[in-house]
1. Quick check on Ala218: is it open to solvent by 10 Å² or more (accessible area, probe 1.4 Å) and either within 25 Å of His47 (Cα to Cα) or not in a loop (DSSP other than H, G, I, E, B) (or both)?
2. Could you look through region 267-300, keep only residues that are part of a loop (DSSP other than H, G, I, E, B) and at pLDDT 95 or above, and pick out the one that is surrounded by the fewest Cβ atoms within 10 Å (Cβ to Cβ)?
3. Quick check, is Ser173 buried (at least 24 other Cβ atoms within 10 Å of the Cβ), more than 23 Å from Met45 (Cα to Cα) and in contact with a helix residue (DSSP H, G or I) (Cβ under 6 Å, 6 or more places away or on another chain)?
4. Enumerate the pairs (first residue in region 166-177 and in contact (Cβ under 8 Å) with a residue 40 or more places away in the chain and at positive phi; second residue anywhere and in a loop (DSSP other than H, G, I, E, B) and open to solvent by 10 Å² or more (accessible area, probe 1.4 Å)) with beta-carbon separation below 8 Å, excluding pairs fewer than 6 apart on the same chain, so at least 6 apart or on different chains.
5. Might you let me know whether region 91-99 holds any residue that is open to solvent by less than 40 Å² (accessible area, probe 1.4 Å) and under 19 Å from Ala138 (Cβ atoms)?
6. Go through region 191-215 and give me each residue that's open to solvent by 10 Å² or more (accessible area, probe 1.4 Å) and assigned to a loop (DSSP other than H, G, I, E, B).
7. Of the residues Ala98, Ala104, which single one is part of a strand (DSSP E or B), in contact with a Ser or Thr (Cβ under 6 Å, 6 or more places away or on another chain) and over 19 Å from Ile130 (Cα atoms)?
8. Leu158 fails exactly one of the following numbered conditions: (1) without any contact (Cβ under 8 Å) to a residue 12 or more places away in the chain; (2) open to solvent by less than 20 Å² (accessible area, probe 1.4 Å). What is the number of that condition?
Amino acid sequence: MTSRRSLPRLAAAVLGVSLTLSAVPAATADTRLPAAPTVSEQQVMPHLRALQRIADRNGGNRAHGTKGYAESVAYVKRALDRAGFRTKLVPFTHDGAAGNSLIADWPGGDPDHVLMTGAHLDSVKEGPGINDNGSGSAAVLATALQVAKTGLKPERHLRFAWWGAEEPGLIGSAQYVRKLSAAERRRIDVYLNFDQAGSRNTRQWLVIHDDEHGETEAQQAFEEWFAERSIPTFDIGVGGSDHESFGNAGIPSSGFSTGISDCIHEACDDLSNVDPKTERTSTDAIVGVLWKLAATTPRP
């Protein structure tokens, strides 16, 4: 989640209920794809413990420009490389410090229809950022590893991202989108963003509605996934995290958050600030919706 000066923008997004839905092109489904797997706490919480250890040995944080952030990127990259992803670092400079975002592509799928999923990996300097946003980063990593474990053969091309320097102002994601060509932007069907996926005392999941760009496929898939399990949701607008960078470039987005935690941007945003059951539910939701969207491609 972005720095405190950006919290009013996030609050506006949380309170901005989307009332209109726009039609999207029909999609064709490939029923040959296997059913979505589910994850256990043991498949996602170890990533959060690893990020906590990285922060502990690097001054208590994983902020942009620090060794803690560099080690966080290296940890995620190693896991993806071992699983067979094509990974690359996307360098940028902010406030005089070098940083990287991490992009991982799963081989296969239609390159003209990219399903992109991401979360920011950096923390603020005041704390380790285990819920904000180790939780989103770990959920996305666990999802990517499920793709590899099952040998998923998607209809759409799957791309995953871990953004740097979100906290100072969406720097890594904005730089990535800015360098895409017009054709590359058009190839991204939707970007899914996850920021604070494991907040304690979560009563409802905040699902991103991108009415401006007519995105309904992903947000409806998330709402259906939660409704099937009698889990309440609340719709929010685009803003406050890296999906805003995509929206500013005209790329549709969705995703969700479990809401702002009590320890946001503080030293107490550690492992104790994440509810394992909520983190597992969030990861299962990402896996379930990604599997559904991966099995379809929009008709022109």
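1. Here the answer is no, as Ala218 does not meet what is asked.
2. Of the residues in region 267-300, the ones part of a loop (DSSP other than H, G, I, E, B) are 267-270, 275, 295, 299-300.
Checking the rest, the ones that are also at pLDDT 95 or above come to 267-270, 275, 295.
Values: Ala267: 13, Cys268: 15, Asp269: 29, Asp270: 21, Asp275: 19, Ala295: 21.
Filtering first and then ranking leaves Ala267.
3. yes
4. Gly169/Ser3
5. The answer is no, given that none of the residues of region 91-99 is open to solvent by less than 40 Å² (accessible area, probe 1.4 Å) and under 19 Å from Ala138 (Cβ atoms).
6. At the first step, the residues of region 191-215 found to be open to solvent by 10 Å² or more (accessible area, probe 1.4 Å) are 200-206, 209, 211-215.
If the condition is that a residue be open to solvent by 10 Å² or more (accessible area, probe 1.4 Å) and assigned to a loop (DSSP other than H, G, I, E, B), then Arg200, Asn201, Thr202, Arg203, Gln204, His209, Gly214 are the ones that fit.
7. Ala104
8. (1)
The values are calculated or read from the model by the stated rules, or taken from the named source; none is laboratory data. Here the structure is a predicted model, which is why all the values come from computation and not from measurement. Note that each Cβ is placed from the backbone with ideal geometry, even for glycine, and that neighbours are counted across all protein chains shown. Surface areas here come from the heavy atoms of the whole protein model, side chains and all, with no ligands, DNA or RNA. Shrake-Rupley method; radii C 1.70, N 1.55, O 1.52, S 1.80 Å.
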